[in-house]
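Colleague: Have a look at this one before I ask anything.
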Amino acid sequence: MNKTPQSQEFSLRAAASTDIVAIHNLLKGYSDRGNLLPRSVHDLETNLADFWVIELSGSVVACGALELFPNRLGEVRSLAVNETRTKAGLGSLLVNHLIEQARSRNLSRLMALTYAPEFFHRLGFRTVPKATLPEKVWGICVKCYKFYDCDEIAVLLYL
């Protein structure tokens, strides 16, 4: 067990199949407000190995995923914190963990598409043009319903 900045015990661990519903519910709240792209339960099942969760008092209160791309690029995806736990440092803990995971996989860059670039800036990321991330744009974004009207901001961290 570890401690949050507010001294509450938590567990940061790889997601398990029993976490899928909790992860889906966390992400759905954000996607319903337009802050994240929606992800289906099937998509979560397929990509479960990418996910990490923070469990507090037996409940999943935060999640995030590390997706791998060619050219040693990774992406922080599906980062969400239970609304009752925001501002507790859980998002930063997750992203810092994903940064370490990216380094351990010998990635050279870690990116995110976000509506909260300031959060990522505090963790060392810098805003970049999406065109500097062709692995993401032409591999994933081109299939997105928002492709021609994307309002997310690309941030990048060199590892």
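The values are calculated or read from the model by the stated rules, or taken from the named source; none is laboratory data. Every value quoted in this text rests on a predicted model; they were computed, and no experiment measured them. Positions of Cβ are generated from backbone atoms using ideal geometry, with glycine treated the same way; all protein chains shown enter the neighbour counts.
Colleague: Of all strands (runs of 3 or more DSSP E) completely enclosed by region 37-87, which ones contain at least 1 residues that are within 20 Å of Q101 (Cα to Cα) and in contact with a Lys or Arg (Cβ under 6 Å, 6 or more places away or on another chain)? Break it down stepwise before answering.
Modeller: Details: elements: 51-56, 59-69, 73-81.
Answer list for region 37-87: 59-69, 73-81.
Colleague: Here's another thing I want to ask about it. Out of D19, D50, I need the residue that is of a type in the set (D, E), at pLDDT 95 or above and within 24 Å of L157 (Cα to Cα). Which one?
Modeller: Working: D19 fails: within 24 Å of L157 (Cα to Cα).
It is D50.
Colleague: For region 111-134, which positions are surrounded by fewer than 19 Cβ atoms within 10 Å (Cβ to Cβ), in a helix (DSSP H, G or I) and not hydroxyl-bearing (S, T, Y)? Let's see the steps before the verdict.
Modeller: Step one: list which residues in region 111-134 are surrounded by fewer than 19 Cβ atoms within 10 Å (Cβ to Cβ), which gives 115-119, 121-124, 126-132, 134.
Remaining after also requiring in a helix (DSSP H, G or I): 117-119, 121, 130-132, 134.
Residues satisfying the conditions are P117, E118, F119, H121, K130, A131, P134.
Colleague: Out of curiosity, is N25 part of a loop (DSSP other than H, G, I, E, B) and among the polar types (S, T, N, Q)?
Modeller: Values: part of a loop (DSSP other than H, G, I, E, B): no; among the polar types (S, T, N, Q): yes.
No, not satisfied.
Per-residue answers, yes or no, for (1) among the aliphatic types (A, V, I, L, M); (2) without any contact (Cβ under 8 Å) to a residue 24 or more places away in the chain; (3) over 20 Å from A116 (Cα atoms):
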residue	(1), (2), (3)
P38	no, yes, no
N47	no, yes, yes
L66	yes, no, no
K87	no, yes, no
E100	no, yes, yes
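Okay, residues lined up against (1) out of contact with any strand residue (DSSP E or B) (no Cβ under 7 Å at 6 or more places or on another chain); (2) crowded, with 19+ Cβ neighbours inside 10 Å; (3) charged (D, E, K, R):
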{"position": "K28", "(1), (2), (3)": "yes, no, yes"}
{"position": "S31", "(1), (2), (3)": "yes, no, no"}
{"position": "G34", "(1), (2), (3)": "yes, no, no"}
{"position": "H42", "(1), (2), (3)": "yes, no, no"}
{"position": "S57", "(1), (2), (3)": "yes, no, no"}
{"position": "A88", "(1), (2), (3)": "yes, yes, no"}
{"position": "L94", "(1), (2), (3)": "no, yes, no"}
{"position": "A102", "(1), (2), (3)": "no, yes, no"}
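Colleague: Pairs under 7 Å by beta carbon, first residue touching a residue at least 60 places away in the same chain (Cβ under 8 Å) in region 14-35, partner part of a loop (DSSP other than H, G, I, E, B) and surrounded by fewer than 17 Cβ atoms within 10 Å (Cβ to Cβ), six or more apart or different chains?
Modeller: Within 7 Å, the pairs are N35/Y115.
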